[in-house]
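Q: Input: one structure, supplied below.
Here, each number is a calculation from the coordinates, and none is a lab measurement. Keep in mind it's a predicted model, so treat the numbers as computed, not measured. Glycine gets a Cβ as well: all are built from the backbone with ideal geometry, and neighbour counts include every protein chain shown.
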Amino acid sequence: MASAAKAKQLDFAKTPINSKLSAQQKVRLLTEMVRIRRFETESLRQYQAKKMGGFLHLYNGQESVAVGCVSLMGDDDHVITAYRDHGHALAVGMTMNECMAELFGKVTGCSKGKGGSMHFFAPDKNYWGGHGIVAGQTPLGLGLAFALKYKGVKGAAMCFMGDGAVNQGCFYESLNMAALFDIPVIYIIENNGYSMGTSLARSSSFKSCLAERAEGFNIAWGQCNGTDIYEVRANVQTAIERAHNESKPTVLEIATYRYYGHSVADAKHTGGYRQKEEIENYKQNHDPIQIFKRRLLEEGTLTEEQYEQLDEAAKAEAATAAQFADESPIPSEESITQDVYFEVDRQTEAGRTGKHFFNS
Amino acid sequence: MALIEYRDALNQAFAEEMERDPNVVLMGEEVAEYDGAYKVTRGLWQRFGSKRVMDTPISEAGFIGMGIGASMLGIRPVMELMFWSFAAVAWDQIINNAAQVRYMSGGLINCPIVIRGPANGGTNVGATHSHNHENFLANIPGLKVVCPATAYDAKGLMKSAIRDNDPVMFMENTLLYGEKGEVPEEEYLIPLGKADVKREGTDISLIAHGRAALTALKAAELLAAEHNINAEVVDLRSIRPLDEEAILASVRKTHRAVYIEENKPFCGVGAQIASMLQEKAFDDLDAPVLRISSMDAPAIYSPELEKKQLPRPLDIVEKVLSIC
């Protein structure tokens, strides 16, 4: 079993999109995953220190998905995701400082403290959020891809979603239109096995896998394991090429796992709806960072010392971000009614005409 | 000036804006090959083709969300809801996405989208097809809400709505689509947030939006002819942004006000206006501000009764006489 798995792993290393990676690029992939892990761990610490409010949905364990997918983006490829959005944000190049400051509700946050954990955005990096309502982003992802096609741009929109989101109606409305209008959208189902506290088996009815539901829409679909970042990249690359060259959608399901609860408020994730042994098994045997690190060590691309260095750097970067967030000012009271209307913010003629706010 | 139907005034606005800006796209159920369920978009598919005028499946949440997503990347979709009542199906996309994304992104994103269609009762189609959402939607910061009553207003406001960089909820009326009004040959725009005094008067202000403004005009004629009361009719045209100054100016002149709308009474637009008037024009008022809404029950089907459920000119006359 182990040797078969290893053989499969090597196959993905040989796919063109992976075999052409330079040593530097490989280390970069690992570094990005480690940065997300360290950011999330630091944000949990800060949450426990009561530095932030609201919800915190951690990405630990799923890093290979965001990093693998985003590593394939060209200038005209776009990303949108749900509320477990820190990993994708860092992967597209948002800084730890702006992300941590957003968690702290500070004016230096990526959304000036107006969005919070679930609502990170960086349109200049083709990153369109960060959406709090389960599956609410699936029609938006369709719209981003529609806009690319309308403008005649060769690009794709990767729309991430959890396994819980597949049971919302607007996802199927989106699939139908994606197929009907040949829209270059890629729905990436990050299947971490749990729809909040409800396991896959208790939340979804399916034949072989969730992505197979795309079959009924005549949409190309696939399923892969997220443990190996090379496997993620190989499968996503196929979908991106389909989007770029044929303007066709794809549904890709990636098996992954979260080490923490649905959110930090989820106390039953260990020993409740799932057993401690299950979590330990993933950490020991399927951790995407450890597996990729081992591969790079074995092939001589990386040394233990280098790994220690990049890990320490990520840890330090996260700690610095927490300090930056802590020392940043909170937004001004006046800012509460800013960024509501474009026209008002810009004080255009439309923004100066009529009353837009009604407190006085 | 040409005398054209309300629907054709809207049609002209679409055509002109589509000619002006290649990013303007019309989408909705039956808007293209069928020419629109109410023929508002007739001829545009033939003229502009399938890329610019698109039929969508019956998937309001999906296609409204698609339009919102496209607008974030700079497309200017004009989305038809066959009935505004169907917005209930797309509520999450409108409320959580179109209205909030600018705010939650700290102003990095905006949604230049128009969502439009008829929002009215009075056509015997039962409660599911007869909702007025303007008060609900005007309650959401981030959205703009427009309710034109005439062909002239419909065209001018639609052109402004399409050029606006915020999401505009544009509410039409199936009972008005066939109504003719004068529309200039030359281009004009009407800004959102500007009310229109549709009849000058001195004795009482009849303030209204949508088709109720026309009902108020009829009531004003009756009041003049039969009761020697000279009523002023102020048509808000746009609910949010709101032309508060025009309302205050009228009430400071007449000292009496009645708000008329086809919405339901609880937290209706009239409630907002009445509250504002008691706060800002208390000393100018010689009588309490009264409100007329549709009768507070789901829209009844029975054709004869439904006429009575919506405000009629005589209902307004009666209300006015109680304070004049």
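Q: In percent, what relative contact order does the range A:2-329 have, based on Cα pairs under 8 Å that are 6 or more apart in sequence? Don't jump to the answer; show the numbers that get you there.
A: Numbers: 643 pairs, mean separation 77.4, N = 328.
Over the range A:2-329, the number comes to 24 percent.
Q: Right, here's the next one. So if each residue of separation counts as 0.36 nm, and I subtract the Cα-Cα distance between residue A:14 and residue A:44, what length gain in nm does that give?
A: Numbers: separation 30, 0.36 × 30 = 10.80 nm, distance 3.70 nm.
Full-extension gain reported as 7.1 nm.
Q: Can you give the average number of partner chain beta-carbon atoms within 10 Å of each beta-carbon in peptide B:236-247, as a whole number? Please report the intermediate quantities before stating the final value.
A: On the way: counts 1, 1, 2, 1, 6, 11, 4, 3, 3, 2, 1, 0.
The mean count of partner-chain Cβ atoms within 10 Å per residue comes to 3.
Q: In debye to the nearest 20, how big a dipole does the range B:19-98 give about its Cα centre with +1 on each Lys and Arg Cβ and -1 on each Asp and Glu Cβ?
A: Working: 7 positive and 10 negative charges, 64 e Å.
For the range B:19-98, the charge dipole is close to 300 debye.
Q: Here is a further query. What FRET efficiency do you get for residue B:88 and residue A:346 if R0 is 25 Å and r is their Cβ-Cβ distance, rounded to the nearest 0.05? Please report the intermediate quantities before stating the final value.
A: Working: r = 32 Å, r/R0 = 1.29.
Approximately 0.20, to the nearest 0.05.
Q: Now, a different point. Could you tell me which of the pairs A:106/A:276; B:253/B:319; B:194/B:319; A:154/B:155; B:180/B:307; B:198/B:319 are separated by over 30 angstrom between their Cα atoms in the structure shown?
A: Working: A:106/A:276 36 Å; B:253/B:319 19 Å; B:194/B:319 26 Å; A:154/B:155 36 Å; B:180/B:307 22 Å; B:198/B:319 20 Å.
Exceeds cut-off: A:106/A:276; A:154/B:155.
Q: Around residue A:305, what is the net charge, scoring Lys/Arg as +1 and Asp/Glu as -1 over all other residues with Cβ under 14 Å from its Cβ?
A: Here the count lands on -3.
Q: Placing +1 at every Lys and Arg Cβ and -1 at every Asp and Glu Cβ, with all other atoms neutral, what dipole size does the range A:2-329 have around its Cα centre, in debye to the nearest 20?
A: 340
Q: Among DSSP bridges having both ends in the range A:2-329, what percentage is antiparallel? Round to the nearest 5.
A: 10
Q: Sticking with this one: Considering only B:285, B:193, B:181, whose Cα is most displaced toward the positive end of the charge dipole of the protein assembly as shown, charges sitting on Cβ of Lys, Arg (+1) and Asp, Glu (-1)?
A: B:193
Q: Something else about it: Helix-derived [θ] at 222 nm for chain B: sum -39500 (n - 2.57) over DSSP H runs of at least 4, divide by residue count, nearest 500?
A: Mean residue ellipticity, 222 nm, calculated: -10000 deg cm²/dmol.
Q: Express the Stokes-Einstein translational diffusion coefficient of the range A:203-338 in µm² s⁻¹, to the nearest whole number, given a Kirkwood radius over alpha-carbon pairs, 25 °C and a viscosity of 0.890 mPa s.
A: Working: Rh = 19.3 Å.
It diffuses with D of about 127 µm²/s by this estimate.
Q: Around residue B:142, with a cut-off of 9 angstrom between Cβ atoms, what is the net charge of the other residues, counting Lys and Arg +1 and Asp and Glu -1?
A: +1
Q: Follow-up. Size of the dipole of the protein assembly as shown about the Cα centre, Lys and Arg at +1 and Asp and Glu at -1 on the beta carbon, nothing else charged, in debye to 20?
A: Working: 70 positive and 89 negative charges, 243 e Å.
Dipole about the Cα centre, nearest 20: 1160 debye.
Q: May I ask you to list the lysines whose Cα is less than 16 Å away from that of residue A:293, ignoring any residue fewer than eight positions away on the same chain?
A: Residue A:293 reaches A:6, A:26, A:283.
Q: If you count the DSSP beta bridges with both ends in the range B:196-321, what percent of them are antiparallel, to the nearest 5?
A: Numbers: 3 of 15 bridges.
Beta bridges within the range B:196-321, antiparallel portion: roughly 20 percent.
Q: Let me ask another. As an exercise, use a Förster radius of 60 Å and the Cβ-Cβ distance of residue A:299 and residue B:20 to find the FRET efficiency, rounded to the nearest 0.05.
A: Working: r = 59 Å, r/R0 = 0.98.
Working from the Cβ atoms, E equals 0.55.
Q: I've got another one for you. To make sure I understand, if each residue's beta carbon is the centre and we count other beta carbons within 10 Å, what order do A:177, B:295 fall in, fewest to most? Before the final figure, lay out each step's value.
A: Numbers: A:177 26, B:295 16.
Lowest count first: B:295, A:177.
Q: Rounded to a whole number of µm²/s, how large is the Stokes-Einstein D of the protein assembly as shown at 25 °C and 0.890 mPa s, given Rh as the Kirkwood radius over C-alpha pairs? Walk me through the intermediate numbers first.
A: On the way: Rh = 27.1 Å.
Taking Rh from Cα pairs, D becomes 91 µm²/s.
Q: While we're here: Relative contact order of chain B: what whole-number percent is it, with Cα pairs under 8 angstrom and at least 6 residues apart?
A: Numbers: 736 pairs, mean separation 52.9, N = 324.
The value is 16 percent.
Q: Also: Using helices alone, I'd like the mean residue ellipticity at 222 nm for chain A: each DSSP H run of four-plus residues gives -39500 (n - 2.57), total over residue count, nearest 500. Don't skip to the end; give the middle numbers.
A: Details: 15 runs with 167 residues, N = 360.
For chain A, the value works out to -14000 deg cm²/dmol.
Q: Place a point 7 Å from the Cα of residue A:335 along the Cα-to-Cβ direction; which residues of the range A:80-104 have their backbone N under 18 Å from it?
A: A:95-104
Q: Which Cα, out of A:12, A:99, A:180, lies furthest along the positive dipole direction of chain A (beta carbon charges, K/R +1, D/E -1)?
A: About the Cα centre, the residue reaching furthest to the positive side is A:180.
Q: Please give, to one decimal in nm, the separation of the simple spin-label points placed at residue B:228 and residue B:180, each 7 Å out from Cα toward the Cβ.
A: About 3.7 nm, to one decimal.
Q: While we're here: Among the chymotrypsin sites (Phe, Trp or Tyr not before Pro) in the range B:20-71, which ones are in a DSSP loop with at most 14 other Cβ atoms within 10 Å of the Cβ? Mind listing them? Don't skip to the end; give the middle numbers.
A: Details: sites: B:34, B:38, B:45, B:48, B:63; in loops: B:34, B:38.
Those that pass, being in a loop and sparsely packed, are B:34.
Q: To continue, here is another question. Can you put A:213, B:240, B:163 in order of Cβ neighbours within 10 angstrom, beginning with the fewest?
A: Ordered by Cβ neighbours within 10 Å, fewest first: B:163, A:213, B:240.
Q: Follow-up. Describe numerically, in nm with one decimal, the distance between label points set 7 Å from Cα along Cα→Cβ at residue A:312 and at residue B:302.
A: In this crude label model, residue A:312 to residue B:302 measures out at 8.5 nm.
Q: Ok, one more. Taking the beta-carbon count within 10 Å as an exposure proxy, list B:50, A:335, A:360 from fewest neighbours to most. Could the numbers behind the result be given before it?
A: On the way: B:50 11, A:335 15, A:360 7.
Going from least to most buried by this count: A:360, B:50, A:335.
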